[in-house]
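J.: Handing you this structure, nothing more for now.
The values are calculated or read from the model by the stated rules, or taken from the named source; none is laboratory data. All values reported here derive from a predicted model rather than from experimental measurement. So basically every Cβ, Gly included, is an ideal-geometry build from the backbone, and we count neighbours across all protein chains shown. What goes into the accessible areas is simple: the full protein's heavy atoms, side chains included, and nothing from ligands, DNA or RNA. Shrake-Rupley method; radii C 1.70, N 1.55, O 1.52, S 1.80 Å.
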Amino acid sequence: MRKVYSLVSLTKNRESKDAVLSLNIKQIQYPEQTREFDSRLTKTGRRSLSHSISHSSTDSNSSGGSDAENPEDEVSPRDMQQINSKGNMDFCIKNIKLADFGRREIELAEDEMTALMALRKAAQGEKPLAAAKIVGCTHVTAQTAVLFETLKVLGAQCRWAACNIYSTQDEVAAALAEQDFPVFAWKGESEDDFWWCIDRCVNVEGWEPNMILDDGGDMTHWIYKKYPHLFKKVKGIVEESITGIHRLHQLSKAGKLCVPAINVNDSVTKQKFDNLYCCRESILDSLKKTTDIMFGGKQVAICGYGEVGKGCSAALKAMGSVVYVTEIDPICALQACMDGFRLAKLGDVVRHVDMVITCTGNKNVVVREHMDLMKNGCVVCNMGRSNTEIDVNSLQTPELVWQHVRAQVDHIIWPDGKRIVLLAEGRVLNLSSSTVPIYVLSITATTQALALIELFNAPEGRYKQDVYLLPKKLVIFETFNTCFVFFVL
(Lines give C-alpha, C1' and ligand atoms only; values in the text may rest on other atoms or scores of the structure.)
Protein backbone atom coordinates (compact mmCIF):
# COMPACT_ATOMS: atom_id res chain seq x y z
CA MET A 1 0.00 0.00 0.00
CA ARG A 2 1.51 3.28 -1.11
CA LYS A 3 1.35 6.33 1.11
CA VAL A 4 0.79 9.66 -0.60
CA TYR A 5 0.74 13.05 1.03
CA SER A 6 -2.52 14.96 1.02
CA LEU A 7 -3.42 18.40 2.30
CA VAL A 8 -1.72 19.61 5.44
CA SER A 9 -4.24 20.88 7.94
CA LEU A 10 -2.88 23.39 10.40
CA THR A 11 -4.24 25.58 13.14
CA LYS A 12 -3.30 29.24 13.02
CA ASN A 13 -2.46 29.04 16.71
CA ARG A 14 1.05 27.68 16.44
CA GLU A 15 1.24 26.89 20.16
CA SER A 16 -1.79 24.60 20.41
CA LYS A 17 -1.88 23.18 16.85
CA ASP A 18 -4.87 21.07 17.83
CA ALA A 19 -7.36 21.86 15.08
CA VAL A 20 -7.83 19.88 11.93
CA LEU A 21 -9.57 20.87 8.75
CA SER A 22 -12.46 18.62 7.86
CA LEU A 23 -12.19 17.76 4.20
CA ASN A 24 -15.22 16.98 2.11
CA ILE A 25 -14.32 17.02 -1.54
CA LYS A 26 -17.36 17.13 -3.76
CA GLN A 27 -17.96 17.12 -7.47
CA ILE A 28 -19.09 20.41 -8.97
CA GLN A 29 -20.98 20.75 -12.22
CA TYR A 30 -19.65 23.17 -14.78
CA PRO A 31 -21.68 25.58 -16.92
CA GLU A 32 -21.34 25.21 -20.64
CA GLN A 33 -18.77 27.50 -22.21
CA THR A 34 -19.00 28.43 -25.87
CA ARG A 35 -15.65 30.18 -26.13
CA GLU A 36 -13.04 28.29 -28.11
CA PHE A 37 -10.09 26.92 -26.15
CA ASP A 38 -7.55 28.89 -28.11
CA SER A 39 -9.29 32.23 -27.54
CA ARG A 40 -6.85 34.29 -25.57
CA LEU A 41 -8.28 35.18 -22.16
CA THR A 42 -6.09 38.14 -21.42
CA LYS A 43 -6.11 40.13 -24.64
CA THR A 44 -6.77 43.72 -23.72
CA GLY A 45 -4.24 45.42 -25.92
CA ARG A 46 -0.66 46.49 -25.56
CA ARG A 47 0.39 47.11 -21.97
CA SER A 48 2.84 49.68 -20.72
CA LEU A 49 5.60 48.80 -18.35
CA SER A 50 5.09 49.76 -14.74
CA HIS A 51 7.42 52.58 -13.73
CA SER A 52 7.97 51.85 -10.07
CA ILE A 53 9.20 49.06 -7.86
CA SER A 54 6.85 48.13 -5.07
CA HIS A 55 7.55 47.14 -1.51
CA SER A 56 4.75 44.61 -1.79
CA SER A 57 2.81 43.03 -4.61
CA THR A 58 0.53 46.03 -4.88
CA ASP A 59 1.98 49.28 -3.59
CA SER A 60 2.83 50.65 -7.01
CA ASN A 61 0.82 48.69 -9.53
CA SER A 62 -0.02 50.67 -12.60
CA SER A 63 -2.42 50.19 -15.45
CA GLY A 64 -0.65 52.70 -17.57
CA GLY A 65 2.52 53.67 -15.78
CA SER A 66 3.10 55.83 -12.73
CA ASP A 67 3.46 59.56 -12.67
CA ALA A 68 7.01 59.45 -11.32
CA GLU A 69 9.00 57.74 -14.03
CA ASN A 70 12.39 56.13 -13.53
CA PRO A 71 14.59 56.24 -16.66
CA GLU A 72 15.90 52.75 -15.91
CA ASP A 73 12.37 51.39 -16.07
CA GLU A 74 11.99 52.59 -19.65
CA VAL A 75 14.18 49.68 -20.74
CA SER A 76 12.39 46.37 -21.14
CA PRO A 77 13.92 43.48 -19.17
CA ARG A 78 14.01 41.62 -22.48
CA ASP A 79 16.58 44.16 -23.71
CA MET A 80 18.83 43.88 -20.66
CA GLN A 81 21.46 41.30 -19.87
CA GLN A 82 21.47 40.50 -16.18
CA ILE A 83 23.57 38.02 -14.27
CA ASN A 84 23.28 36.76 -10.71
CA SER A 85 26.14 36.39 -8.23
CA LYS A 86 26.73 32.80 -9.39
CA GLY A 87 27.16 33.76 -13.03
CA ASN A 88 23.78 32.43 -14.15
CA MET A 89 21.77 34.31 -16.79
CA ASP A 90 18.83 31.92 -17.27
CA PHE A 91 16.12 34.34 -16.14
CA CYS A 92 14.44 37.58 -17.18
CA ILE A 93 13.26 39.93 -14.45
CA LYS A 94 13.09 43.65 -13.68
CA ASN A 95 16.17 44.07 -11.48
CA ILE A 96 18.43 41.41 -9.93
CA LYS A 97 19.65 43.99 -7.39
CA LEU A 98 16.35 43.62 -5.52
CA ALA A 99 17.18 40.04 -4.52
CA ASP A 100 18.05 40.71 -0.86
CA PHE A 101 14.81 42.53 -0.24
CA GLY A 102 12.83 39.80 -1.99
CA ARG A 103 14.51 37.12 0.10
CA ARG A 104 13.32 38.84 3.28
CA GLU A 105 9.76 38.86 1.93
CA ILE A 106 9.95 35.15 1.15
CA GLU A 107 11.21 34.41 4.66
CA LEU A 108 8.30 36.35 6.14
CA ALA A 109 5.88 34.34 3.99
CA GLU A 110 7.46 31.08 5.16
CA ASP A 111 6.59 31.94 8.78
CA GLU A 112 2.89 32.18 7.91
CA MET A 113 2.72 29.34 5.38
CA THR A 114 2.88 26.63 8.00
CA ALA A 115 1.13 23.95 5.96
CA LEU A 116 3.50 24.15 3.02
CA MET A 117 6.59 24.34 5.21
CA ALA A 118 5.42 21.27 7.13
CA LEU A 119 5.00 19.37 3.86
CA ARG A 120 8.49 20.44 2.79
CA LYS A 121 9.95 19.17 6.05
CA ALA A 122 8.05 15.88 5.96
CA ALA A 123 8.77 14.94 2.34
CA GLN A 124 12.18 16.42 1.60
CA GLY A 125 13.96 13.18 2.48
CA GLU A 126 11.88 11.09 0.08
CA LYS A 127 12.20 13.54 -2.85
CA PRO A 128 8.78 12.56 -4.32
CA LEU A 129 9.31 14.91 -7.28
CA ALA A 130 12.78 13.71 -8.26
CA ALA A 131 13.02 13.73 -12.08
CA ALA A 132 9.95 15.98 -12.35
CA LYS A 133 10.42 18.88 -14.77
CA ILE A 134 7.69 21.38 -14.01
CA VAL A 135 6.74 24.44 -16.04
CA GLY A 136 4.53 26.84 -14.14
CA CYS A 137 2.43 29.86 -14.94
CA THR A 138 1.09 31.39 -11.73
CA HIS A 139 1.37 34.66 -9.85
CA VAL A 140 4.96 35.41 -8.87
CA THR A 141 4.74 36.64 -5.29
CA ALA A 142 6.40 35.88 -1.98
CA GLN A 143 3.74 33.27 -1.25
CA THR A 144 4.07 31.41 -4.53
CA ALA A 145 7.86 31.63 -4.21
CA VAL A 146 7.56 29.44 -1.12
CA LEU A 147 5.72 26.91 -3.29
CA PHE A 148 8.37 27.09 -6.04
CA GLU A 149 11.18 26.51 -3.58
CA THR A 150 9.26 23.68 -1.89
CA LEU A 151 8.92 21.89 -5.23
CA LYS A 152 12.64 22.31 -5.75
CA VAL A 153 13.41 20.88 -2.29
CA LEU A 154 11.19 17.90 -3.13
CA GLY A 155 13.39 17.14 -6.15
CA ALA A 156 11.73 18.98 -9.04
CA GLN A 157 13.35 21.09 -11.73
CA CYS A 158 11.18 24.14 -12.42
CA ARG A 159 10.82 27.01 -14.86
CA TRP A 160 8.31 29.75 -14.17
CA ALA A 161 6.34 32.59 -15.79
CA ALA A 162 3.64 34.91 -14.43
CA CYS A 163 -0.06 34.41 -15.16
CA ASN A 164 -0.90 38.07 -14.53
CA ILE A 165 0.96 41.06 -15.94
CA TYR A 166 0.38 43.21 -12.86
CA SER A 167 0.73 40.86 -9.87
CA THR A 168 4.45 40.02 -10.04
CA GLN A 169 6.59 41.18 -7.13
CA ASP A 170 9.80 42.23 -8.84
CA GLU A 171 11.87 41.85 -5.69
CA VAL A 172 10.64 38.28 -5.22
CA ALA A 173 11.42 37.40 -8.83
CA ALA A 174 14.92 38.78 -8.22
CA ALA A 175 15.34 36.62 -5.11
CA LEU A 176 14.36 33.52 -7.06
CA ALA A 177 16.72 34.39 -9.92
CA GLU A 178 19.56 34.90 -7.45
CA GLN A 179 19.05 31.31 -6.31
CA ASP A 180 19.35 30.05 -9.91
CA PHE A 181 15.58 29.62 -10.28
CA PRO A 182 14.63 30.18 -13.96
CA VAL A 183 11.90 32.79 -13.64
CA PHE A 184 10.64 35.01 -16.46
CA ALA A 185 8.30 37.66 -15.06
CA TRP A 186 8.09 41.32 -14.15
CA LYS A 187 5.36 43.72 -13.19
CA GLY A 188 3.82 45.57 -16.14
CA GLU A 189 4.55 43.09 -18.91
CA SER A 190 3.05 43.82 -22.30
CA GLU A 191 0.88 41.25 -24.04
CA ASP A 192 3.83 40.27 -26.23
CA ASP A 193 6.09 40.05 -23.16
CA PHE A 194 3.57 37.75 -21.48
CA TRP A 195 3.74 35.12 -24.21
CA TRP A 196 7.49 35.58 -24.68
CA CYS A 197 8.05 34.74 -21.00
CA ILE A 198 5.91 31.60 -21.27
CA ASP A 199 7.82 30.51 -24.35
CA ARG A 200 11.16 31.01 -22.59
CA CYS A 201 10.01 28.51 -19.97
CA VAL A 202 9.14 25.86 -22.55
CA ASN A 203 11.50 26.37 -25.47
CA VAL A 204 14.77 25.24 -23.85
CA GLU A 205 17.42 23.19 -25.58
CA GLY A 206 18.01 19.86 -23.83
CA TRP A 207 15.15 20.31 -21.35
CA GLU A 208 11.58 19.06 -21.80
CA PRO A 209 8.79 19.58 -19.26
CA ASN A 210 6.84 16.57 -17.97
CA MET A 211 4.45 18.40 -15.59
CA ILE A 212 2.44 21.63 -15.84
CA LEU A 213 1.27 23.80 -12.94
CA ASP A 214 -1.14 26.39 -14.31
CA ASP A 215 -3.37 29.23 -13.16
CA GLY A 216 -5.71 30.21 -15.97
CA GLY A 217 -4.68 27.68 -18.59
CA ASP A 218 -2.19 29.86 -20.47
CA MET A 219 0.82 27.55 -20.10
CA THR A 220 -1.31 24.57 -21.11
CA HIS A 221 -2.69 26.55 -24.06
CA TRP A 222 0.77 27.55 -25.25
CA ILE A 223 2.29 24.06 -25.09
CA TYR A 224 -0.80 22.49 -26.67
CA LYS A 225 -0.75 24.94 -29.59
CA LYS A 226 2.96 25.57 -30.14
CA TYR A 227 4.62 22.38 -28.92
CA PRO A 228 2.17 19.49 -29.41
CA HIS A 229 5.04 16.96 -29.35
CA LEU A 230 5.88 18.12 -25.82
CA PHE A 231 2.24 18.18 -24.74
CA LYS A 232 1.93 14.47 -25.49
CA LYS A 233 4.87 13.73 -23.19
CA VAL A 234 3.46 15.56 -20.17
CA LYS A 235 2.51 13.25 -17.29
CA GLY A 236 -0.04 15.56 -15.74
CA ILE A 237 -1.50 19.05 -15.41
CA VAL A 238 -2.48 20.77 -12.17
CA GLU A 239 -4.86 23.71 -12.72
CA GLU A 240 -5.84 26.19 -10.03
CA SER A 241 -8.49 28.46 -11.56
CA ILE A 242 -12.04 27.99 -12.79
CA THR A 243 -11.10 29.61 -16.11
CA GLY A 244 -8.35 27.06 -16.69
CA ILE A 245 -10.68 24.23 -15.69
CA HIS A 246 -13.22 25.34 -18.30
CA ARG A 247 -10.50 25.26 -20.93
CA LEU A 248 -9.39 21.78 -19.87
CA HIS A 249 -12.98 20.50 -20.02
CA GLN A 250 -13.31 21.91 -23.53
CA LEU A 251 -10.21 19.99 -24.56
CA SER A 252 -11.52 16.85 -22.88
CA LYS A 253 -14.93 17.05 -24.58
CA ALA A 254 -13.23 17.53 -27.93
CA GLY A 255 -11.07 14.46 -27.30
CA LYS A 256 -7.89 16.56 -27.42
CA LEU A 257 -6.78 16.26 -23.81
CA CYS A 258 -4.06 13.63 -24.01
CA VAL A 259 -2.88 13.86 -20.37
CA PRO A 260 -4.61 13.61 -16.97
CA ALA A 261 -5.30 16.81 -15.08
CA ILE A 262 -6.22 17.58 -11.47
CA ASN A 263 -8.74 20.32 -10.75
CA VAL A 264 -7.41 22.18 -7.71
CA ASN A 265 -9.97 24.98 -7.96
CA ASP A 266 -12.87 22.77 -6.93
CA SER A 267 -11.07 20.97 -4.14
CA VAL A 268 -12.73 21.83 -0.85
CA THR A 269 -9.51 23.28 0.47
CA LYS A 270 -9.38 25.83 -2.36
CA GLN A 271 -13.09 26.61 -2.57
CA LYS A 272 -13.83 26.93 1.14
CA PHE A 273 -10.68 28.73 2.19
CA ASP A 274 -8.85 30.57 -0.59
CA ASN A 275 -11.89 31.56 -2.66
CA LEU A 276 -14.03 32.53 0.33
CA TYR A 277 -11.81 33.90 3.09
CA CYS A 278 -9.10 35.35 0.89
CA CYS A 279 -11.62 37.39 -1.10
CA ARG A 280 -13.62 38.34 1.98
CA GLU A 281 -10.57 40.02 3.47
CA SER A 282 -8.92 41.42 0.36
CA ILE A 283 -11.89 43.03 -1.41
CA LEU A 284 -12.18 45.86 1.12
CA ASP A 285 -8.45 46.56 1.12
CA SER A 286 -8.39 46.56 -2.69
CA LEU A 287 -11.26 49.03 -2.98
CA LYS A 288 -9.83 51.31 -0.29
CA LYS A 289 -6.38 51.41 -1.87
CA THR A 290 -7.69 52.22 -5.32
CA THR A 291 -10.70 54.48 -4.66
CA ASP A 292 -10.64 55.60 -0.97
CA ILE A 293 -14.36 54.93 -1.04
CA MET A 294 -16.60 54.73 2.03
CA PHE A 295 -18.66 51.54 2.08
CA GLY A 296 -21.45 52.49 4.48
CA GLY A 297 -24.68 53.16 2.61
CA LYS A 298 -23.27 52.33 -0.81
CA GLN A 299 -25.34 50.16 -3.12
CA VAL A 300 -23.31 47.31 -4.59
CA ALA A 301 -24.13 44.71 -7.25
CA ILE A 302 -22.21 41.45 -6.82
CA CYS A 303 -22.33 39.33 -9.97
CA GLY A 304 -22.08 35.69 -8.92
CA TYR A 305 -22.59 34.02 -5.54
CA GLY A 306 -19.99 31.29 -5.61
CA GLU A 307 -17.34 31.25 -2.90
CA VAL A 308 -15.72 34.45 -4.20
CA GLY A 309 -19.09 36.19 -4.39
CA LYS A 310 -19.99 34.98 -0.91
CA GLY A 311 -16.79 36.42 0.52
CA CYS A 312 -17.18 39.79 -1.20
CA SER A 313 -20.86 40.07 -0.30
CA ALA A 314 -20.27 39.29 3.36
CA ALA A 315 -17.44 41.81 3.65
CA LEU A 316 -19.39 44.66 2.07
CA LYS A 317 -22.57 43.88 3.99
CA ALA A 318 -20.60 43.98 7.24
CA MET A 319 -19.39 47.48 6.32
CA GLY A 320 -22.94 48.73 5.88
CA SER A 321 -23.33 48.47 2.13
CA VAL A 322 -26.64 47.54 0.51
CA VAL A 323 -25.75 44.44 -1.50
CA TYR A 324 -27.61 43.08 -4.52
CA VAL A 325 -26.66 39.66 -5.88
CA THR A 326 -27.08 38.46 -9.46
CA GLU A 327 -26.83 34.69 -9.92
CA ILE A 328 -27.94 32.20 -12.59
CA ASP A 329 -27.43 29.06 -10.50
CA PRO A 330 -30.65 28.40 -8.53
CA ILE A 331 -28.87 26.86 -5.54
CA CYS A 332 -26.42 29.72 -5.20
CA ALA A 333 -29.26 32.18 -5.71
CA LEU A 334 -31.22 30.54 -2.89
CA GLN A 335 -28.14 30.70 -0.67
CA ALA A 336 -27.85 34.43 -1.34
CA CYS A 337 -31.50 34.88 -0.43
CA MET A 338 -31.12 32.84 2.78
CA ASP A 339 -28.05 34.91 3.69
CA GLY A 340 -30.13 38.08 3.54
CA PHE A 341 -29.05 39.52 0.19
CA ARG A 342 -31.35 41.00 -2.42
CA LEU A 343 -31.52 38.99 -5.63
CA ALA A 344 -31.78 41.00 -8.82
CA LYS A 345 -31.00 41.07 -12.50
CA LEU A 346 -28.05 43.31 -13.30
CA GLY A 347 -30.07 45.22 -15.86
CA ASP A 348 -32.65 46.09 -13.20
CA VAL A 349 -30.22 47.63 -10.70
CA VAL A 350 -27.30 48.85 -12.79
CA ARG A 351 -28.75 52.37 -13.12
CA HIS A 352 -28.56 53.19 -9.42
CA VAL A 353 -25.80 51.07 -7.83
CA ASP A 354 -22.51 52.66 -6.78
CA MET A 355 -20.35 49.62 -7.47
CA VAL A 356 -20.48 46.57 -9.73
CA ILE A 357 -18.17 43.66 -8.85
CA THR A 358 -17.93 40.53 -11.01
CA CYS A 359 -17.15 37.21 -9.32
CA THR A 360 -18.08 34.54 -11.87
CA GLY A 361 -15.07 33.40 -13.93
CA ASN A 362 -17.20 33.77 -17.07
CA LYS A 363 -17.03 36.06 -20.10
CA ASN A 364 -18.86 39.35 -20.76
CA VAL A 365 -20.79 39.43 -17.50
CA VAL A 366 -20.77 43.24 -17.64
CA VAL A 367 -21.06 44.51 -21.21
CA ARG A 368 -21.18 47.92 -22.87
CA GLU A 369 -24.98 48.12 -22.61
CA HIS A 370 -24.68 47.83 -18.82
CA MET A 371 -21.94 50.45 -18.61
CA ASP A 372 -23.93 52.88 -20.78
CA LEU A 373 -26.66 52.74 -18.12
CA MET A 374 -24.43 53.18 -15.08
CA LYS A 375 -24.62 56.40 -13.14
CA ASN A 376 -21.80 58.90 -12.92
CA GLY A 377 -18.97 57.69 -10.66
CA CYS A 378 -19.97 54.03 -10.60
CA VAL A 379 -17.01 51.79 -9.70
CA VAL A 380 -16.56 48.69 -11.88
CA CYS A 381 -14.13 45.92 -10.98
CA ASN A 382 -13.52 42.19 -11.22
CA MET A 383 -12.76 39.64 -8.50
CA GLY A 384 -13.21 36.58 -10.71
CA ARG A 385 -10.32 34.81 -12.41
CA SER A 386 -11.05 35.73 -16.02
CA ASN A 387 -10.14 39.26 -17.12
CA THR A 388 -12.93 39.08 -19.72
CA GLU A 389 -15.78 39.28 -17.20
CA ILE A 390 -15.96 43.01 -17.91
CA ASP A 391 -16.08 43.76 -21.63
CA VAL A 392 -13.23 46.27 -21.54
CA ASN A 393 -12.67 46.01 -25.29
CA SER A 394 -16.07 47.59 -25.89
CA LEU A 395 -14.80 50.72 -24.12
CA GLN A 396 -11.99 51.19 -26.65
CA THR A 397 -14.06 53.39 -28.94
CA PRO A 398 -13.44 56.93 -30.29
CA GLU A 399 -16.32 58.56 -28.44
CA LEU A 400 -15.04 57.48 -25.00
CA VAL A 401 -12.09 59.14 -23.29
CA TRP A 402 -9.76 57.17 -21.02
CA GLN A 403 -8.24 59.18 -18.20
CA HIS A 404 -5.57 57.50 -16.08
CA VAL A 405 -6.04 58.72 -12.51
CA ARG A 406 -3.72 56.65 -10.34
CA ALA A 407 -2.27 53.16 -10.12
CA GLN A 408 -4.91 50.69 -11.34
CA VAL A 409 -7.59 53.39 -11.63
CA ASP A 410 -8.95 54.71 -14.94
CA HIS A 411 -11.88 57.01 -15.59
CA ILE A 412 -13.89 56.20 -18.70
CA ILE A 413 -15.64 59.41 -19.78
CA TRP A 414 -18.78 59.46 -21.95
CA PRO A 415 -19.58 62.32 -24.38
CA ASP A 416 -22.15 63.79 -21.93
CA GLY A 417 -19.50 64.01 -19.18
CA LYS A 418 -20.54 60.88 -17.30
CA ARG A 419 -17.65 58.78 -16.07
CA ILE A 420 -17.26 55.33 -14.60
CA VAL A 421 -14.28 54.21 -12.52
CA LEU A 422 -12.63 51.08 -13.94
CA LEU A 423 -10.21 49.28 -11.63
CA ALA A 424 -7.19 47.21 -12.79
CA GLU A 425 -8.47 47.32 -16.39
CA GLY A 426 -10.89 44.53 -15.52
CA ARG A 427 -8.22 42.14 -14.25
CA VAL A 428 -8.56 40.38 -10.92
CA LEU A 429 -8.56 43.26 -8.44
CA ASN A 430 -7.09 41.87 -5.25
CA LEU A 431 -4.00 40.41 -6.93
CA SER A 432 -3.46 43.56 -8.98
CA SER A 433 -4.12 46.20 -6.34
CA SER A 434 -3.79 44.72 -2.89
CA THR A 435 -2.36 41.89 -0.84
CA VAL A 436 -3.95 38.57 0.04
CA PRO A 437 -3.83 36.63 3.34
CA ILE A 438 -0.72 34.45 3.35
CA TYR A 439 -2.14 31.78 5.65
CA VAL A 440 -5.05 31.02 3.34
CA LEU A 441 -2.75 30.83 0.32
CA SER A 442 -0.67 28.27 2.18
CA ILE A 443 -3.58 25.85 2.03
CA THR A 444 -4.00 26.27 -1.72
CA ALA A 445 -0.25 26.04 -2.40
CA THR A 446 -0.04 22.83 -0.39
CA THR A 447 -2.94 21.39 -2.38
CA GLN A 448 -1.11 22.22 -5.60
CA ALA A 449 2.08 20.56 -4.40
CA LEU A 450 0.22 17.42 -3.34
CA ALA A 451 -1.60 17.23 -6.68
CA LEU A 452 1.74 17.39 -8.50
CA ILE A 453 3.14 14.63 -6.29
CA GLU A 454 0.10 12.46 -6.89
CA LEU A 455 0.07 12.81 -10.68
CA PHE A 456 3.82 12.41 -11.05
CA ASN A 457 4.00 9.26 -8.93
CA ALA A 458 0.71 7.65 -10.00
CA PRO A 459 1.17 4.23 -11.63
CA GLU A 460 0.23 3.97 -15.28
CA GLY A 461 -3.48 3.48 -15.74
CA ARG A 462 -4.65 5.12 -12.52
CA TYR A 463 -5.64 8.31 -14.32
CA LYS A 464 -7.07 8.48 -17.80
CA GLN A 465 -6.96 11.46 -20.13
CA ASP A 466 -9.51 13.49 -18.21
CA VAL A 467 -9.95 16.11 -15.48
CA TYR A 468 -10.05 14.82 -11.89
CA LEU A 469 -10.66 16.17 -8.42
CA LEU A 470 -8.17 15.32 -5.72
CA PRO A 471 -8.56 11.77 -4.35
CA LYS A 472 -11.31 11.59 -1.72
CA LYS A 473 -10.25 8.78 0.58
CA LEU A 474 -8.58 10.54 3.48
CA VAL A 475 -7.12 9.44 6.79
CA ILE A 476 -5.75 11.66 9.54
CA PHE A 477 -2.11 11.39 10.50
CA GLU A 478 -0.30 13.56 13.00
CA THR A 479 3.43 14.21 12.93
CA PHE A 480 5.95 16.98 13.64
CA ASN A 481 3.45 18.53 16.10
CA THR A 482 1.31 19.42 13.10
CA CYS A 483 -1.95 17.91 11.97
CA PHE A 484 -1.63 16.30 8.56
CA VAL A 485 -4.29 14.72 6.42
CA PHE A 486 -3.09 11.81 4.36
CA PHE A 487 -4.88 9.62 1.92
CA VAL A 488 -3.97 6.01 1.43
CA LEU A 489 -4.49 4.40 -1.93
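J.: Which of the residues that make up region 282-316 are among the β-branched types (V, I, T) and either surrounded by fewer than 23 Cβ atoms within 10 Å (Cβ to Cβ) or in a helix (DSSP H, G or I) (or both)? Before you say what the answer is, go through the steps one by one.
T.: Step one: list which residues in region 282-316 are among the β-branched types (V, I, T), which gives 283, 290-291, 293, 300, 302, 308.
Residues satisfying the conditions are I283, T290, T291, I293, V308.
J.: To continue, here is another question. Which members of region 245-276 meet the condition of being assigned to a helix (DSSP H, G or I), charged (D, E, K, R) and open to solvent by 20 Å² or more (accessible area, probe 1.4 Å)? Break it down into steps so the answer makes sense when it comes.
T.: Initial filter on region 245-276 (assigned to a helix (DSSP H, G or I)): 245-253, 268-276.
Restricting the remaining residues to those that are charged (D, E, K, R) gives 247, 253, 270, 272, 274.
Within region 245-276, K253, K272 meet the criteria.
J.: Which pairs have Cβ atoms under 6 Å, sit 6 or more apart or on different chains, and link a residue in region 449-461 that is within 17 Å of A122 (Cβ to Cβ) to one that is open to solvent by 10 Å² or more (accessible area, probe 1.4 Å) and small (G, A, S)?
T.: Taking only residues 6 or more apart or on different chains, the pairs are L450/S6.
J.: How many residues does region 100-121 hold that are open to solvent by less than 10 Å² (accessible area, probe 1.4 Å) and either basic (K, R) or at pLDDT 95 or above (or both)?
T.: So the answer is 2.
J.: Then there is this: Name the pairs: first residue in region 330-351 and basic (K, R), second residue surrounded by 11 or more Cβ atoms within 10 Å (Cβ to Cβ) and part of a helix (DSSP H, G or I), Cβ to Cβ under 8 Å, at least 6 apart or on different chains?
T.: These pairs meet every condition: R351/L373.
J.: Considering Q157, Q169, Q124, which residue is surrounded by fewer than 21 Cβ atoms within 10 Å (Cβ to Cβ) and either of a type in the set (A, V, I, L, M) or more than 17 Å from M89 (Cα to Cα) (or both)?
T.: Being surrounded by fewer than 21 Cβ atoms within 10 Å (Cβ to Cβ) and either of a type in the set (A, V, I, L, M) or more than 17 Å from M89 (Cα to Cα) (or both) holds for just one of Q157, Q169, Q124, which is Q124.
J.: Additional query: Would it be correct to say that C279 is in the same structural domain as R351 (by TED's automatic domain parsing), at pLDDT below 95 and either open to solvent by 10 Å² or more (accessible area, probe 1.4 Å) or in a helix (DSSP H, G or I) (or both)?
T.: Numbers: in the same structural domain as R351 (by TED's automatic domain parsing): yes; at pLDDT below 95: yes; either open to solvent by 10 Å² or more (accessible area, probe 1.4 Å) or in a helix (DSSP H, G or I) (or both): yes.
So C279 fits the description; yes.
J.: Follow-up. Of the residues that make up region 392-399, is at least one touching a Phe, Trp or Tyr at 6+ places or on another chain (Cβ under 7 Å) and over 24 Å from A314 (Cα atoms)?
T.: For region 392-399, residues touching a Phe, Trp or Tyr at 6+ places or on another chain (Cβ under 7 Å) and over 24 Å from A314 (Cα atoms): absent.
J.: Might you check whether a residue that is hydrophobic (A, V, I, L, M, F, W, C), under 19 Å from M89 (Cα atoms) and open to solvent by less than 10 Å² (accessible area, probe 1.4 Å) occurs anywhere in region 136-144?
T.: Narrowing region 136-144 to residues hydrophobic (A, V, I, L, M, F, W, C): 137, 140, 142.
From what is left, the residues that are under 19 Å from M89 (Cα atoms) are 140.
Now narrow it down to the ones that are open to solvent by less than 10 Å² (accessible area, probe 1.4 Å): 140.
Within region 136-144 (the criterion being hydrophobic (A, V, I, L, M, F, W, C), under 19 Å from M89 (Cα atoms) and open to solvent by less than 10 Å² (accessible area, probe 1.4 Å)), the answer is yes, since at least one residue qualifies.
J.: Yes or no: region 206-219 includes at least one residue that is assigned to a helix (DSSP H, G or I), touching a residue at least 12 places away in the same chain (Cβ under 8 Å) and hydrophobic (A, V, I, L, M, F, W, C).
T.: Residues of region 206-219 assigned to a helix (DSSP H, G or I): 218-219.
Retained after the next criterion (residues that are touching a residue at least 12 places away in the same chain (Cβ under 8 Å)): 218-219.
Subset that is hydrophobic (A, V, I, L, M, F, W, C): 219.
Yes: region 206-219 contains one or more residues that are assigned to a helix (DSSP H, G or I), touching a residue at least 12 places away in the same chain (Cβ under 8 Å) and hydrophobic (A, V, I, L, M, F, W, C).
J.: Further question on the same structure: For the structure I just gave you, tell me whether Q335 is part of a helix (DSSP H, G or I) and open to solvent by 50 Å² or more (accessible area, probe 1.4 Å).
T.: Criteria met by Q335.
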